[in-house]
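A.B. asks: Below are the structure tokens for one structure; questions will follow.
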Amino acid sequence: GAGVSQSPSNKVTEKGKDVELRCDPISGHTALYWYRQSLGQGLEFLIYFQGNSAPDKSGLPSDRFSAERTGGSVSTLTIQRTQQEDSAVYLCGGEDTPLNEQFFGPGTRLTVL
Amino acid sequence: AQSVAQPEDQVNVAEGNPLTVKCTYSVSGNPYLFWYVQYPNRGLQFLLKYITGDNLVKGSYGFEAEFNKSQTSFHLKKPSALVSDSALYFCAVRDREGGATNKLIFGTGTLLAVQP
């Protein structure tokens, strides 16, 4: 594809519901990152996938958050039992070579009511 | 711990004037530094990076940044600002102490407002 795509672009949900956010990276980008952009919090790392290696989940804020990457391509970030503090823009980024620049998708804006 | 700081929440500049957005870093070893720009309701776009070599790095849209090791700074500059440059700018450093992850550590962002 031409770039990183994310869906949905906007998601409004009620507190306590589960949500799934999708990221489709650029073909050939073996590394994939999820970040969260919150008002007043800046950008924070959530999780990292590299090829078939075990993901680095050290940035996930709680066990309500999980992510998977199927076939080394599409990734899904799942938030269970959403809370209002989960409201943020969730960004997905990928890179083709370690330490190179990352290419980001447009993000998913999550609003938890 | 590795970090970046953007001391200005907002920078205001008149169109046609030079602009500078400041960034300082704290890393062990040689830094891998990046600038990204975020336009309203858009994702992050890569502007430029410093890995090694010339201290003056040129990037997209006429932007450049100067790596200064003694001052641990990587300020973003442009000789003549455009109204269309108005956006949120993020400085970032690669976390090379995090094992294989090498995630980006971002500054808090600086809002650039260019007045016509």
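None of the figures in this text is laboratory data; all of them are computed from the coordinates on show. Predicted, not measured: the structure shown is a model, and the values here were computed from it. Note that we place each Cβ from the backbone using ideal geometry, even for glycine, and neighbour counts take in every protein chain shown.
A.B. asks: Name the single residue that is farthest from B:I105 (Cα to Cα) among those in region B:22-50 being away from every other protein chain (no Cβ under 12 Å) and surrounded by 13 or more Cβ atoms within 10 Å (Cβ to Cβ).
C.D. replies: Here the answer is B:K22.
A.B. asks: Also: So which residues in region A:40-57 are buried (at least 20 other Cβ atoms within 10 Å of the Cβ) and of a type outside the set (A, V, I, L, M, F, W, C)? Walk me through it before giving the result.
C.D. replies: Quick first cut of region A:40-57, residues buried (at least 20 other Cβ atoms within 10 Å of the Cβ) only: A:43, A:45-49, A:56.
If the condition is that a residue be buried (at least 20 other Cβ atoms within 10 Å of the Cβ) and of a type outside the set (A, V, I, L, M, F, W, C), then A:Y48, A:D56 are the ones that fit.
A.B. asks: Now for a different question. Do you know which residues across region B:8-43 are closer than 22 Å to A:T97 by Cβ and in a loop (DSSP other than H, G, I, E, B)?
C.D. replies: Of everything in region B:8-43, those that are closer than 22 Å to A:T97 by Cβ and in a loop (DSSP other than H, G, I, E, B) turn out to be B:V27, B:G29, B:N30, B:P31, B:Y32, B:G43.
A.B. asks: Any chance you could count how many residues in region A:35-60 are more than 18 Å from A:D86 (Cβ to Cβ), more than 9 Å from chain B (Cβ to nearest Cβ) and outside any loop (DSSP other than H, G, I, E, B)?
C.D. replies: Final tally of qualifying residues: 1.
A.B. asks: Could you grab me the full set of residues in region A:58-87 that are crowded, with 17+ Cβ neighbours inside 10 Å and among the acidic types (D, E)?
C.D. replies: Matches in region A:58-87: A:D86 only.
A.B. asks: Mind counting the residues in region B:80-90 that are surrounded by 22 or more Cβ atoms within 10 Å (Cβ to Cβ) and within 11 Å of another protein chain (Cβ to nearest Cβ)?
C.D. replies: 1
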